[in-house]
1. Can you name the residue in region B:6-38 that is closer than 15 Å to B:Ser120 by Cβ and assigned to a loop (DSSP other than H, G, I, E, B) and is also modelled with the lowest pLDDT among such residues?
2. Go through A:Ile179, A:Ile160, A:Ile152 for me and flag whichever is β-branched (Val, Ile, Thr), more than 18 Å from A:Lys212 (Cα to Cα), within 14 Å of another protein chain (Cβ to nearest Cβ) and not in a strand (DSSP E or B).
3. Which is surrounded by fewer than 21 Cβ atoms within 10 Å (Cβ to Cβ) and not β-branched (Val, Ile, Thr), of A:Ala193, A:Ala182, A:Ala166, A:Ala157?
4. Assuming A:Glu98 fulfils every condition listed in (1) of a type in the set (Asp, Glu); (2) more than 18 Å from the chain's Cα centre (by Cα); (3) away from every other protein chain (no Cβ under 11 Å) apart from one, which condition is it?
5. Test of understanding: among A:Lys110, A:Lys103, which residue is surrounded by fewer than 15 Cβ atoms within 10 Å (Cβ to Cβ) and over 16 Å from the mean Cα position of the chain (by Cα)?
6. Kindly indicate whether any position in region A:119-127 is of a type in the set (S, T, N, Q) and more than 28 Å from B:Leu44 (Cα to Cα).
7. Hey, can you tell me all the residues within region A:80-117 that are part of a helix (DSSP H, G or I) and either small (Gly, Ala, Ser) or within 30 Å of A:Ile189 (Cα to Cα) (or both)?
Amino acid sequence: MVIKIMKNFFSRIFSNLFKNNREIKLGFYGPPNAGKTSLANHICKDFTGEEMGSVSKIPHETRNVQFKEKVEIEYKGKTLMFKMVDTPGIATKIDYEEFLKYKVKKKEAKKRAKEATQGVVESIKWLEDMDLVVVVLDATENPYNQVNITIIGNLQARKIPVLIIANKIDLKKADIKKIESAFPEYDTIGISAKTGKNLEEFYESVFKLSKKIR
Amino acid sequence: MVKKINSKKKLGKLKGFSIQFMPYYEIRELGSNDRIRKVLEIVLGNNILILQGKLQPEEETRLIGDTMAMIGHVKSFKGIELAVIDNSKKETFIERVKKSVLDTLAGGDLGAVTIIGPASIIKEIKRNPKKIELMLKG
């Protein structure tokens with residue numbers, strides 16, 4: 001009995017030591033144009049001095065999964081090492097004609113649409129590899145969107161800790177409460193990836209949630 | 001609530017479109033691959049499917065992934081519109097246990113309804129906690 005207790009005690013200590021040293025795969029998921037890359041850029045710039053990817057008003061600007069390894073985030077004297085994974089926005093439909101509205105030429109629009117569909121497939125494939133996921137939503141949009149519900153349902157089924165971000169709170173139309181009432185079982189943090197508003201609360205939540213990683 | 005946003009004149013564009021209802025027992029015994037294949041057969045045939053119950057979360061993402069891979073390969077296919085209507089109110093622990101037992105006995109969540117249709121027909125499925133609107137293309 002005593003041997004068993006000692007064994008459990010040491011195995012818990014060693015597994016915690018290992019957990020603290022390893023890189024946490026932090027995924028940024030959500031619908032297109034919610035601000036996933038803007039948020040990932042802000043974090044990377046704060047802690048590595050470099051950005052992750054380009055941002056644009058045109059949807060599906062990120063069409064490949066992008067990585068940034070060994071991002072050491074420091075918050076209130078504690079540090080955690082992350083592998084940041086910025087994913088293309090998940091959508092259920094992609095029509096090249098949508099890009100024409102942004103004055104993209106037809107040939108380029110078709111190419112962009114093709115790459116965007118591949119990006120969605122890639123995002124979905126990566127879902128199961130994440131340790132922790134930040135679901136970035138546009139706080140000015142209706143959160144009752146099936147893509148949001150499907151992403152969060154999948155993470156819940158895989159027991160991956162989730163943090164919901166209500167982005168774009170610098171805009172007048174932003175409604176954090178609507179997002180909170182759509183997903184009452186999760187912590188929702190309102191931020192502005194553009195201005196950096198409320199990022200401290202975001203880091204606090206990420207650190208808190210990292211304790212739930214299996 | 002189905003809202004038609006087109007005039008009578010433009011209804012010709014919706015030729016061949018129908019709404020099909022599928023009771024859950026038709027997919028209960030099927031594996032994920034066959035469930036998705038069955039759903040896709042209906043949707044690719046230019047139909048809106050109203051399914052009793054809902055797919056598993058992993059099946060929903062598989063469906064999205066599979067349809068994305070079809071865009072550009074299947075003529076005039078632009079993806080799907082998808083909505084699941086279920087009881088999303090916050091449940092107590094007892095309610096959750098009860099629901100889980102009932103769902104297990106029924107083989108799925110029969111209290112839910114799933115709407116799936118091709119994006120070439122459905123413009124948008126607007127939803128909020130009180131209502132759901134199916135906006136068709138004109």
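1. B:Asn6
2. Numbers: A:Ile160 fails: more than 18 Å from A:Lys212 (Cα to Cα); A:Ile152 fails: more than 18 Å from A:Lys212 (Cα to Cα).
None of the other options fit; the residue is A:Ile179.
3. Details: A:Ala193 fails: surrounded by fewer than 21 Cβ atoms within 10 Å (Cβ to Cβ); A:Ala182 fails: surrounded by fewer than 21 Cβ atoms within 10 Å (Cβ to Cβ); A:Ala166 fails: surrounded by fewer than 21 Cβ atoms within 10 Å (Cβ to Cβ).
Among A:Ala193, A:Ala182, A:Ala166, A:Ala157, only A:Ala157 is surrounded by fewer than 21 Cβ atoms within 10 Å (Cβ to Cβ) and not β-branched (Val, Ile, Thr).
4. For A:Glu98, the exception is condition (3).
5. On the way: A:Lys110 fails: surrounded by fewer than 15 Cβ atoms within 10 Å (Cβ to Cβ).
Criteria check complete, one pass: A:Lys103.
6. First, the residues of region A:119-127 that are of a type in the set (S, T, N, Q): A:123.
In the following step, the residues that additionally are more than 28 Å from B:Leu44 (Cα to Cα) were identified as none.
Checking region A:119-127: not a single residue is of a type in the set (S, T, N, Q) and more than 28 Å from B:Leu44 (Cα to Cα).
7. Within region A:80-117, the subset part of a helix (DSSP H, G or I) is A:96-100, A:106-117.
Passing the criteria: A:Ala109, A:Ala113, A:Ala116, A:Thr117.
A quick yes/no check of all residues on (1) at pLDDT below 95; (2) under 20 Å from A:Gly89 (Cβ atoms):
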| residue | (1), (2) |
| --- | --- |
| A:Ser123 | no, yes |
| A:Val134 | no, yes |
| A:Asn142 | yes, yes |
| A:Ala157 | yes, no |
| A:Lys168 | no, yes |
| A:Phe202 | no, yes |
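The values are calculated or read from the model by the stated rules, or taken from the named source; none is laboratory data. Just so it is clear, the structure is predicted and the values come from calculations on it, not from any experiment. Glycine gets a Cβ as well: all are built from the backbone with ideal geometry, and neighbour counts include every protein chain shown.
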